[in-house]
1. So V63 ticks every box in (1) surrounded by 12 or more Cβ atoms within 10 Å (Cβ to Cβ); (2) at pLDDT 90 or above but one. Which box is left unticked?
2. Please enumerate the residues belonging to region 1-23 that are aliphatic (A, V, I, L, M) and closer than 20 Å to S54 by Cβ.
3. When you go through (1) of a type outside the set (K, R); (2) touching a His at 6+ places or on another chain (Cβ under 7 Å); (3) assigned to a loop (DSSP other than H, G, I, E, B) one by one for E18, which number turns out not to apply?
4. Would you pick out the residues in region 31-40 that are surrounded by fewer than 16 Cβ atoms within 10 Å (Cβ to Cβ), among the hydrophobic types (A, V, I, L, M, F, W, C) and assigned to a strand (DSSP E or B)?
5. Take region 44-61 and flag every residue that is under 11 Å from L76 (Cα atoms) and touching a residue at least 24 places away in the same chain (Cβ under 8 Å).
6. Scan region 41-68 residue by residue and report those that are assigned to a loop (DSSP other than H, G, I, E, B) and touching a helix residue (DSSP H, G or I) at 6+ places or on another chain (Cβ under 9 Å).
7. Take A4 and tell me if it is surrounded by 13 or more Cβ atoms within 10 Å (Cβ to Cβ) and touching a residue at least 60 places away in the same chain (Cβ under 8 Å).
8. Go through the residues of region 44-59 one by one and say whether even a single one is modelled with pLDDT of 90 or more and surrounded by fewer than 12 Cβ atoms within 10 Å (Cβ to Cβ).
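The values are calculated or read from the model by the stated rules, or taken from the named source; none is laboratory data. Everything quoted here is computed from the prediction, not taken from an experiment. Reconstructed Cβ throughout: ideal geometry from the backbone, glycine too, with neighbour counts over all protein chains shown.
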Amino acid sequence: MSKAVFYHAGCPVCVEAEQAVVGALDAKRFEVEVVHLGSAPSRIGEAQAKGVKSVPALVLDDVALHINFGAALSDL
């Protein structure tokens, strides 16, 4: 099973993207984890290491996919 991590900061853009993207992923193919970086700031470094530059972002098998633009990680 592939790993999908959805990083966001809780803003309206992020929440809307989370609902759309996470809901569209096939649960039989992806183990999904949602990380709210506002609530878990200790994971910002992890997100950066995976190539996340802004949120909302989805990381599929260590490939960062940026969705819309809510906030730069440097703003968190």
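1. (1) is the only condition that V63 fails.
2. A4, V5, A9, V13, V15, A17, A20, V21, V22
3. Failed condition: (3).
4. Keep residues of region 31-40 that are surrounded by fewer than 16 Cβ atoms within 10 Å (Cβ to Cβ), which gives 31, 33-34, 38-40.
Restricting the remaining residues to those that are among the hydrophobic types (A, V, I, L, M, F, W, C) gives 34, 40.
Listed by number, the list holds a single entry, V34.
5. Matches in region 44-61: I44, V55.
6. Restricting attention to region 41-68, the residues satisfying the condition of being assigned to a loop (DSSP other than H, G, I, E, B) are 50-53, 61-62.
Hits for region 41-68 are V52, K53.
7. So A4 fails the test.
8. Initially, region 44-59 is screened for residues modelled with pLDDT of 90 or more, giving 44-59.
Adding the requirement that they be surrounded by fewer than 12 Cβ atoms within 10 Å (Cβ to Cβ) leaves 45, 49.
Within region 44-59, one or more residues are modelled with pLDDT of 90 or more and surrounded by fewer than 12 Cβ atoms within 10 Å (Cβ to Cβ).
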